[in-house]
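The values are calculated or read from the model by the stated rules, or taken from the named source; none is laboratory data. No experiment lies behind these values; they were computed from the predicted model shown. Positions of Cβ are backbone-derived with ideal geometry, glycine not excepted, and every protein chain shown enters the neighbour counts.
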Amino acid sequence: MVVEENPRTELATDVTRSVLETLDNSKLSSFHWKAMITSGMGFFTDAYDLFIIGVALAVLTPLWHLSSLEISLIGSTSLLAAAFGSVIFGRIADYIGRKRIYSATLLVLAAGAIASALSPNLLCLLIARFILGLGIGGDYPLSATLMSEYANRKDRGKLITMVFSMQGLGLILGPLVAILLLISGLNHDITWRLMLALGAIPALATFYLRNQIAETPRFALMMQGEAEEAANTVATTVQGKRGQVSKQVKQSTAARKEPQKKQSWLYVLFQPRYLRWLIGTAGAWFLLDIAYYGTTISSPLVLKSLNSQANLVTDMVYTLLIFVIAALPGYILAAFTIDRLGRKWIQCVGFGMMTLAFGLLAVAPSLTTITLPFLLMYGLSYFFTEFGPNVTTFVYPAEIFPVMVRSTAHGLSAALGKVGAFIGAFAFPYLLNTFHLPGAMAFAAIMSVIGLVLTLSTLPEPNGRSLEEISDEHAVLAAHKEKERIA
């Protein structure tokens, strides 16, 4: 039987192609930078909040006489909550749109930070940290998806990486705030509360900017059928192209409101190709965060194991040096090379060098007893974490999945990552106390080498291709519609 083509459908397809090609082939504009900074401030806050709890705990432990179990719970609760936040907000964003809840994550995050600072006891602090984690987790899929769907093809990797790289500034601010408060002479009960409360400021400061961001053209066009809205948004994003894009949209009212039929998100994700990719993105993120968050949140304990005589201010200075000299340059190098070297190459090299650095610290115990060699090797692991999987595990799921499940897949990947972070934050204090630094570093090395193998065996290279080309979502939808027609 011959099926006649619908002229209205053809026109809608032409409009879709025109809008998306204009967006993909555009140059960087002021809007791209605004969207990057607006999205990135969530990660600035995320990094500060997740780092500062380790320092706050060092101050709080003698005040509240915390046990090892209680320390582990406080340090890891927000990470476990972030897993729930990633799944919940990620799924909602694919169901109702990115814009409607883009700002909500910041309000949840700020509320958690303020409540943490005002906590009168352990139970209240755990609840507040859980609320904070929900906001942090929700920000992962929202910010990544929004930036990927607004970005042009040539600079997409750089823009998404720069969103995540704002985390590096948060990692630097954390030790700076800690040092200033610790040497200020303030009462210690006020000190730890100020440390936690300050995390609400950047989140609230960015709330207004996020409310000004329109729905992404890809979601508005492909999921809501709002071709005119999408074209106007692209015209704002791509300077000087308003007439070119809008003219084609106005050729027919048929093209204005033909939303894509929503398929089962489980059906789409369980397509063999997407399922394999989801295992790769979620699994690599899980393995990375066991090693990364375990060492980062436990960095005061790691440095105390190196030199038990050093005070907390000295340890914060060492931490700050590691972040400034090693971590921040890793973020910067990743941002400016990811669109040339590719995501897979950077992730594989990063995991490989992390394995080498952690492995050397594990098999050469002398490196863990002398300050300078240890800091050099520890710093090397941080550099290749940032110029490696800490960046690419965030970029990957924002690029390779179809628009209808993009935020959901990113949320699931981030959630499993946060489960890994919870395990790392919970396990590392125990590993340091029981097996000391070599044992903890050996555990991190094992996680890193498994991450390398998983990356090589499951993930594609999305570099230089449009989002629709990478996922080939139109072919998947066509196959599903044909299956329904036959049934």
Residue check, L372 against (1) crowded, with 24+ Cβ neighbours inside 10 Å; (2) closer than 19 Å to F323 by Cβ, all met but one. Which one?
(1)
I want to confirm something. Restricting to region 440-487 and keeping residues that are charged (D, E, K, R), in a helix (DSSP H, G or I) and surrounded by 14 or more Cβ atoms within 10 Å (Cβ to Cβ), which single residue is modelled with the lowest pLDDT?
E473
Say we look at region 113-166 and pick out the residues that are hydroxyl-bearing (S, T, Y), more than 16 Å from the chain's Cα centre (by Cα) and in a helix (DSSP H, G or I); which of these is farthest from M36 (Cα to Cα)?
S116
Per the list (1) over 22 Å from L333 (Cβ atoms); (2) in contact (Cβ under 8 Å) with a residue 40 or more places away in the chain; (3) assigned to a helix (DSSP H, G or I), residue check on T393 breaks on (1)
Restricting the search to region 183-201, which residues are surrounded by fewer than 19 Cβ atoms within 10 Å (Cβ to Cβ) and outside any loop (DSSP other than H, G, I, E, B)?
H188, D189, I190, L194, A197, I201
Would you confirm whether any residue within region 151-167 is in contact with a His (Cβ under 9 Å, 6 or more places away or on another chain) and small (G, A, S)?
yes
Give the residue that is surrounded by the most Cβ atoms within 10 Å (Cβ to Cβ), with candidates limited to residues of region 125-150 that are closer than 21 Å to L221 by Cβ and small (G, A, S).
S143
Can you tell me how many residues within region 151-161 are surrounded by 24 or more Cβ atoms within 10 Å (Cβ to Cβ) and modelled with pLDDT under 95?
1
Scan region 17-40 residue by residue and report those that are small (G, A, S), in contact with a Ser or Thr (Cβ under 9 Å, 6 or more places away or on another chain), in a helix (DSSP H, G or I) and closer than 17 Å to A230 by Cβ.
A35
Please pick out the residue among L180, L204 that is part of a helix (DSSP H, G or I), within 25 Å of P329 (Cα to Cα) and either touching a Pro at 6+ places or on another chain (Cβ under 8 Å) or not aromatic (F, W, Y) (or both).
L180
When you go through L437, L376 one by one, which is the residue that is assigned to a helix (DSSP H, G or I) and touching a residue at least 40 places away in the same chain (Cβ under 8 Å)?
L437
Given the conditions (1) buried (at least 24 other Cβ atoms within 10 Å of the Cβ); (2) more than 30 Å from L320 (Cα to Cα); (3) at pLDDT 90 or above; (4) not polar (S, T, N, Q), every one holds for V87 apart from (1)
